[in-house]
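Trainee: Here you go, one structure.
The values are calculated or read from the model by the stated rules, or taken from the named source; none is laboratory data. The structure displayed is predicted, hence computed values, not measured ones. Quick reminder, even Gly has a Cβ in these numbers, built from the backbone with ideal geometry, and neighbours come from all protein chains shown. When the accessible area is computed, the model is the full protein with side chains, heavy atoms only, and any ligands, DNA or RNA have been set aside. Shrake-Rupley method; radii C 1.70, N 1.55, O 1.52, S 1.80 Å.
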Amino acid sequence: MKKQLVIIVLALSILSCVSPKVYKDLEAKYDNLKQENKKLTEENDALLTAKIENENAMRELQADFDQTLQQRDKLESDYNATKTNYDNLKASYDALEENSSAAIAENSKKNRELLAQLEAKEQALADENMRLENLKKELEDRSNRVTELENMIAAKDAAMTQLKDAISKALTDFEGKGLTIEQRNGKVYVSMENKLLFESGSWAVGSEGRRAVQQLGTVLADNPDISVLIEGHTDNVPYTGTGQITGNWDLSTKRATAIVNILNENSRINPETLTAAGRGEFAPIATNDTAEGKAKNRRIEVILTPKLDEITKLLNDM
């Protein structure tokens, strides 16, 4: 990823001949893209790490709970045995009271000792019961938060599945024309091969491709909380044209920007949710050793990410 960002910077530096305002706009877009990419990566890693940490913490609490329960049971057993011994000694004391003042004094001393032991056992048992209750409550709270987190993640996945189904339905006309729709890692990936969108070496979207992007836009407009990242990809054949394009990085970026511009024509789509990025030939999904593989690599990927604010807040509260 660092290599890709460096190459984007190089591509932007090549455009230094343009006006300062355009350069600053491009630089701001690059910074926003870099921050968004870092944020999404960190959020995704944090979610997975937090889930594992909470599950581990819950297992540790369960083990502590079980151990405390055993200690409580042992204290109860010790308490019952001590009380039985005390009762027996008290009975002996009562029997000997009339016959021996010395025996009475000895039994009295033992009784006081046993009473002290009994009180200590009772206090220890009360403390363990309180600790056990606190652990039980903490375990229940942790379990509830983990369940809530899992439910939120499941709800997000279900919403993304609905989004995937809605996109599939909207783009039914383009099946078999280089269009694929997948759901993985909590996101939806819409991949459109360049044969559906662009002529070779061009970043102008054809009429059929424009229609596909517009139909995708109608679904995105109904999902305003979805972040939309448009990535342009090429094969590994060096760009040999002349004019405004300087190479595959530049070509992939312009193609991604062309898709963003079409989506931005839909007034119901918030431009702040849209991001364009060029990946050049550095993220292939197939071999570049065959014509078929090259065709698959020449593509636009639209990556749809759900809003994670609620999940992030729950993680911060844990």
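Trainee: Here is a list: N80, N134, N56, N85. Which entry is out of contact with any Lys or Arg (no Cβ under 9 Å at 6 or more places or on another chain), surrounded by fewer than 11 Cβ atoms within 10 Å (Cβ to Cβ) and either without any contact (Cβ under 8 Å) to a residue 12 or more places away in the chain or at negative phi (or both)?
Mentor: Criteria check complete, one pass: N56.
Trainee: Still on this structure, I have one more. If you scan the stretch 71-103, which residues turn out to be of a type in the set (S, T, N, Q) and either at pLDDT below 80 or farther than 20 Å from E119 by Cα (or both)?
Mentor: Across the stretch 71-103, the qualifying residues are S92, N99, S100, S101.
Trainee: Name the residues in the stretch 261-292 that are over 14 Å from A221 (Cβ atoms) and either buried (at least 16 other Cβ atoms within 10 Å of the Cβ) or touching a residue at least 12 places away in the same chain (Cβ under 8 Å) (or both), would you?
Mentor: Within the stretch 261-292, T275, A276, A277, G278, R279, G280, E281, F282, A283, P284, I285, N288 qualify.
Trainee: When you look at L139, is it surrounded by 12 or more Cβ atoms within 10 Å (Cβ to Cβ), in contact with a Ser or Thr (Cβ under 6 Å, 6 or more places away or on another chain) and either closer than 30 Å to I52 by Cα or without any contact (Cβ under 8 Å) to a residue 12 or more places away in the chain (or both), yes or no?
Mentor: Criteria not met by L139.
Trainee: Another one. Considering each of S227, S200 in turn, give the residue that is among the polar types (S, T, N, Q), open to solvent by 30 Å² or more (accessible area, probe 1.4 Å) and within 14 Å of T305 (Cα to Cα).
Mentor: After ruling out the rest, the residue left standing is S227.
Trainee: Quick one: which residue in M192, M152 is at pLDDT below 85 and aliphatic (A, V, I, L, M)?
Mentor: The unique qualifying residue is M152.
Trainee: Looking at the stretch 240-257, which of its residues are among the small types (G, A, S) and without any contact (Cβ under 8 Å) to a residue 60 or more places away in the chain?
Mentor: Hits for the stretch 240-257 are G241, G243, S252, A256.
Trainee: Conditions: (1) within 30 Å of A154 (Cα to Cα); (2) in contact with a Leu (Cβ under 7 Å, 6 or more places away or on another chain); (3) among the acidic types (D, E). E55 meets all but one. Number of the miss?
Mentor: Every condition holds for E55 apart from (2).
Trainee: Looking at this structure, is Y23 surrounded by 14 or more Cβ atoms within 10 Å (Cβ to Cβ), within 30 Å of I303 (Cα to Cα) and free of Cβ contacts under 8 Å to residues at least 60 places away in the same chain?
Mentor: yes
Trainee: Just to be sure before I move on: is I153 within 60 Å of the chain's Cα centre (by Cα) and of a type in the set (A, V, I, L, M, F, W, C) in the structure I sent?
Mentor: yes
Trainee: Only one of E193, E175, E208 is under 29 Å from K34 (Cβ atoms) and open to solvent by 20 Å² or more (accessible area, probe 1.4 Å). Can you tell me which?
Mentor: Only one candidate passes the filter, namely E193.
Trainee: Taking only the stretch 115-125 into account, find how many residues are at pLDDT below 85 and not charged (D, E, K, R).
Mentor: Residues flagged as at pLDDT below 85 and not charged (D, E, K, R) within the stretch 115-125 amount to 3.
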